[in-house]
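What follows is one structure encoded as structure tokens, with my remarks underneath.
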Amino acid sequence: MPKRNAAPLEGEMLQGTLDMLILRTLALGPAHGHTIAYAIERGSKDVLEVEHGSLYPALHRIEDRGWIASFWGTSENNRKARYYRLTPSGRKQLAAQTSRWDELVRAINRVLRPAATD
Amino acid sequence: MAWTRFFRRRRWDEERSRELEAYLQIETDENMARGMAAEDARHEAHKKLGNATRIREEIYGMNSLGLVETIWRDLAYAVRQLRRSPGFTSAAVLSLALGIGANTAIFSLLDQVLLRPLPVRDPQQLVLLNWQGTFYGHSMGEDMLSYPLYREIRDHNQAFGGVLGYHHLMFGVGYQGEMERLPGELVSGNYFDVLGVPAFLGRTFSVHDDRIPGGHPVAVLTYDFWVERFHSDRGILGRSIVVNGLPFTIVGVGARGFSGMEVGGPVKILVPMMMRNQVTAESWTRMFGLDTPGGAWVRVLGRLKSGVTPMQARASLQPLFHSMLEREGRGKVPATLDVKPAARGYSEAREEYQTSLRVLMGMVGLVLLMACANVANLLLARAAGRRREIAVRLALGASRARIIRQALVESVLLALMGGAAGLLGAMWMDQVLLDVLAAGATPLGLQATPDFRILGFMLMVSTIAGVLFGLAPALGTIRVDLVPALKERARGIAGVGSRLRRGLVAAQVLVSTLLLIAAGLFVRSLFNLRTVDPGFRTQNMIEFSIDPSLSGYGPERRQRVFQTVLEKLRSLPGVDSAGLGIASVLGDSRWCDEVTVAGYGAQAQDKAQDNLTPCHNAASPGYLATLGIPLLAGRDFSAADAASKNKVALVNEAFARRYFGWRSPLGGRFGFGKDPGTKTFIEIVGVIKDAKYSSLRDASPPQTIVDYEQMEGAIFEATIYVRTRIDPRQMYASIRRAMQEVDRGLPFYELRTLDEQRDLLLTTERVVASLAAVFGIAATVLAAVGLYGLMAFHVAQRTEEIGIRMALGARSINVTWMVMREVLTLVGVGAAISLPVSFVMAGFVRSQLYEIRPNDPLTIGGAMLLLGLVAALAGFIPARRAARVDPIRALRCE
């Protein structure tokens, strides 16, 4: 049986980063799993290569926390698909995670490039 | 994680596969739009998504509750496993049910009789005061003091926060014209305060209710009586209730759960001690009055002040005690006032059944051990048989912790099933036991509900046993090297387990032999007691008791009632003769007191070999003839004695032997009591044969019988004996009618045949013997199951070997013998060890036996023979099966 919090993405991604990316994608409007996967892939200019399947456990986990909600809808090409949308608490969560992420990046940058202080 | 999702996770899983399918379809559509062939498009979509099953599993795992989930699965697996082997399961569950049920039943009763404290405040502070050493005066029973002595201790002691006194007795209680004979207590005014028992309704007594003799006609009911008889009517306060012919005002109802001081004799009504003279017969108030020194009738309990030990209390009481004796003119008496713990109240049942219950407790404990041994044995066999299964599971990647957990779950499940079955068994057994114990007698006030603490304890013991023996083999098997275990052809048994199992079976044989021997001894004692000649004829005899004092009758009227009753009964068709005595034979009403015999010195008495206190009776003319006690010399009472001033008595052989030696006692004189200056005013006119009066076990004590007509109305209660010419049971109706004709308001009770009374007297022995027999048989069955299980398993293990032997020419008789030899060795070893052990154990049960020695060869031989036969049968079935092994099939099957 696979472990509970197995790394959701290929490569070494920080814990919770995928969650943040999903929330960010959904901030633009409701979407189904397929759209979200491609949105992340394209948004990162194909740097973050997502194994699309691993998105689903993450979706499930985030929904469980109440940050997103789901409903069945019809896709652009007329297929039934499960759509996700951001909940108010998810919106708050996205803001908090984004600012924490920014802080983190700044901190790491200060360590890596001490000369280029801001 | 939402709990609800845990239970809906199957639906969730479906939902997820639909979602993943949707992804695949969209991706396939897009791939086809990019120009791929349908098949390739689908394939690429799958590649893009990854392993769908793994994803679903991951999500499923997120929805599960880890430990709960796996334990649930273990449980389901265990249930499946147990259902697959119903023989094993039912044997184990039945063994446990037997052990747990029997133990819970016995200990629940034992707890009520022996262990449970009174429902009062700080019961451990209560002590009972009793007289130790030479006793002067008269006593109405064990552990009693006189009222003046009680009053002295109550008012002048230093050690107690309070000292209460009570007297337990039967009252004739009348309410709205209906009359019942009920147990009650005469209590001191401070009784409820010292005990710390509040009123449920109204009030209890205070010291102000117990000041003036005869001045406080007030009564408190116990809670149970109020509920039963008055249906919890709150309007009962202030109403009148008749106690022994006198109206009392009900002032309160005691706290729930409180029913007096005596365990096993729950009281219904309590009245102040100052009312003693009003509710009891006058003669008793002369000998056992409120101001009579030396007439002991009060049970006295003190509540120790905090920080005072019983030893300190005892020491501080002695000066008080001796100055009191001196004031009463008794001088220096070699006696002390002892204190003993009384947290559990006073119980005659406790004194009476104590030893028997302890013996039963020991026996039932052994049965539990046997049951545990059986379960252990079965589990060991099972574990040995499942070595390969466990190896397969390990090879398939099950973790060792998981395997052990599985074994634990199975053991606990078994124990729980056994416990549940045991609970039902315990309820049933307690009811049966109480029915037997209380058959015809006054109810003991014991509950048949099994105690859940005890059940819990038993469950724990058996679970621990199950876990221990379930776990040990599990630990053994997981250390197994997988490869050889999987390759193993014969599902061989581990050597250690096998030796352990043999040991267990031998121990079972040992224990069940012991229990069978004990059962045999008890059953034969009972038989001896049933057939011993009591010295009078019990056949065709009816007895019943009347107590005109409960109706408030005075001495003359009582005498008249007795006379009329006897005359009426004698005139009935079918009646041979009738007589009465105040002490009942084979019953518990006794009148025993020291005597002073003219011409017999106290020095001589102290030198006497036996120091049994003489017992007395007052009887009517015709009493001897009715009971069939032979008159050896002299004469019976006559009508002339009633009018004569010369008091006369009959004595038995034991009395004559002790006080007169070889001389004839006829014409000798004696008096009651041992005080110096006692008048020897009673003349001996006849000698009767020794008879077993109150106990069938003990030798007859010296006995006197005085003429009841010369007692000047001192008799208030008597047992009537009627010898019938026809079956006594057919006489009940006409006796009832006759009693109605004599006096409607006269309660008569305990109407039964003397044969029934004799059985009643042997209740304890009967209970012990029948339970011992049940335990013995249960143990034998358990041992047989254990033995059968072991041998059946052995034979199954060795099928291949037996096949080879038979192929090489062994005959079926050889194979049978090969198995039987092992059976007989085990039985022989167990039985051989049981012999010396039984000699050691015999000491504990000696006091319970009658006219049989604990090492009675017949009993021991019989027990061993029975066990040997059962064991041989249990072993013979697998032996036969071994002999029927078809060598071809046995060899081919591997």
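Taking every residue in segment B:260-274 that is of a type in the set (K, R) and pairing it with any residue that is part of a helix (DSSP H, G or I) and at pLDDT 90 or above, at least 6 positions away or on another chain, the pairs with Cβ-Cβ distances below 7 Å are B:K268/B:F225. Looking at the structure I just gave you, is B:G861 small (G, A, S) and either in contact with a Phe, Trp or Tyr (Cβ under 7 Å, 6 or more places away or on another chain) or loosely packed, with under 13 Cβ neighbours inside 10 Å (or both)? The answer is yes for B:G861.
In segment B:26-37 there is no residue that is surrounded by 13 or more Cβ atoms within 10 Å (Cβ to Cβ), outside the structural domain of B:A421 (by TED's automatic domain parsing) and either at pLDDT below 80 or on the phi > 0 side of the Ramachandran plot (or both).
For B:V829, state whether it is at negative phi and in contact with a Gly (Cβ under 6 Å, 6 or more places away or on another chain). No, not satisfied. Does B:R84 count as surrounded by fewer than 18 Cβ atoms within 10 Å (Cβ to Cβ), more than 8 Å from chain A (Cβ to nearest Cβ) and over 30 Å from B:A772 (Cα atoms)? For B:R84, the condition - surrounded by fewer than 18 Cβ atoms within 10 Å (Cβ to Cβ), more than 8 Å from chain A (Cβ to nearest Cβ) and over 30 Å from B:A772 (Cα atoms) - is met.
Residues that are modelled with pLDDT under 80 and surrounded by fewer than 19 Cβ atoms within 10 Å (Cβ to Cβ) within segment B:761-775 comprise B:T763, B:T764, listed in sequence order.
Of all residues in segment B:447-470, at least one satisfies being modelled with pLDDT of 70 or more, among the basic types (K, R) and in a helix (DSSP H, G or I). On the basis of being over 30 Å from the mean Cα position of the chain (by Cα) and either free of Cβ contacts under 8 Å to residues at least 60 places away in the same chain or outside any helix (DSSP H, G or I) (or both), does B:M820 make the cut? Yes, satisfied. Against the test of being over 30 Å from the mean Cα position of the chain (by Cα) and more than 30 Å from B:G177 (Cα to Cα), the options B:R744, B:R758, B:R805, B:R766 yield a single qualifying residue, B:R805. For segment A:81-89, state whether one or more residues are within 14 Å of another protein chain (Cβ to nearest Cβ), under 20 Å from B:E44 (Cα atoms) and more than 13 Å from the chain's Cα centre (by Cα). Yes - at least one qualifying residue is present in segment A:81-89.
Regarding B:Y732, is this residue closer than 22 Å to B:G868 by Cα, aromatic (F, W, Y) and in a helix (DSSP H, G or I)? So B:Y732 does not fit the description; no. The residues of segment A:1-46 that are modelled with pLDDT under 55 and either within 10 Å of another protein chain (Cβ to nearest Cβ) or touching a His at 6+ places or on another chain (Cβ under 9 Å) (or both), listed by number, are A:M1, A:P2, A:K3, A:R4, A:N5, A:A6, A:P8, A:E10. Being on the phi < 0 side of the Ramachandran plot, modelled with pLDDT of 90 or more and touching a strand residue (DSSP E or B) at 6+ places or on another chain (Cβ under 9 Å) is not true of B:I715. In segment B:1-22, the residues that are facing chain A (nearest Cβ under 10 Å) and farther than 17 Å from A:S54 by Cβ reach residues that are modelled with pLDDT under 70 and surrounded by 15 or more Cβ atoms within 10 Å (Cβ to Cβ) with C-beta atoms within less than 7 angstrom, at least six apart or across chains, in these pairs: B:R5/B:N63; B:W12/B:R5; B:W12/B:N63. Screening B:G254, B:G245, B:G214 for residues that are small (G, A, S), closer than 25 Å to B:G554 by Cα and touching a Ser or Thr at 6+ places or on another chain (Cβ under 6 Å) leaves exactly one candidate, B:G245.
So that you can scan it fast, the table gives a plain yes or no per residue for (1) within 23 Å of A:A39 (Cβ to Cβ); (2) more than 7 Å from every other protein chain (Cβ to nearest Cβ); (3) assigned to a helix (DSSP H, G or I); (4) without any contact (Cβ under 8 Å) to a residue 40 or more places away in the chain:
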residue: B:Q25; (1), (2), (3), (4): yes, no, yes, yes
residue: B:D29; (1), (2), (3), (4): yes, no, yes, yes
residue: B:D40; (1), (2), (3), (4): no, yes, yes, yes
residue: B:A45; (1), (2), (3), (4): yes, yes, yes, yes
residue: B:I55; (1), (2), (3), (4): yes, no, yes, yes
residue: B:I59; (1), (2), (3), (4): yes, no, yes, no
residue: B:M62; (1), (2), (3), (4): no, no, yes, no
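Inside segment A:56-72, residues that are in contact (Cβ under 8 Å) with a residue 40 or more places away in the chain, at the interface with chain B (Cβ under 10 Å from one of its Cβ atoms) and assigned to a strand (DSSP E or B) make up a count of 0.
The values are calculated or read from the model by the stated rules, or taken from the named source; none is laboratory data. Keep in mind that what you see is a predicted model, and the values were worked out from it rather than measured. In this analysis, Cβ positions are derived from the backbone assuming ideal geometry, glycine residues included, and neighbour counts consider all displayed protein chains.
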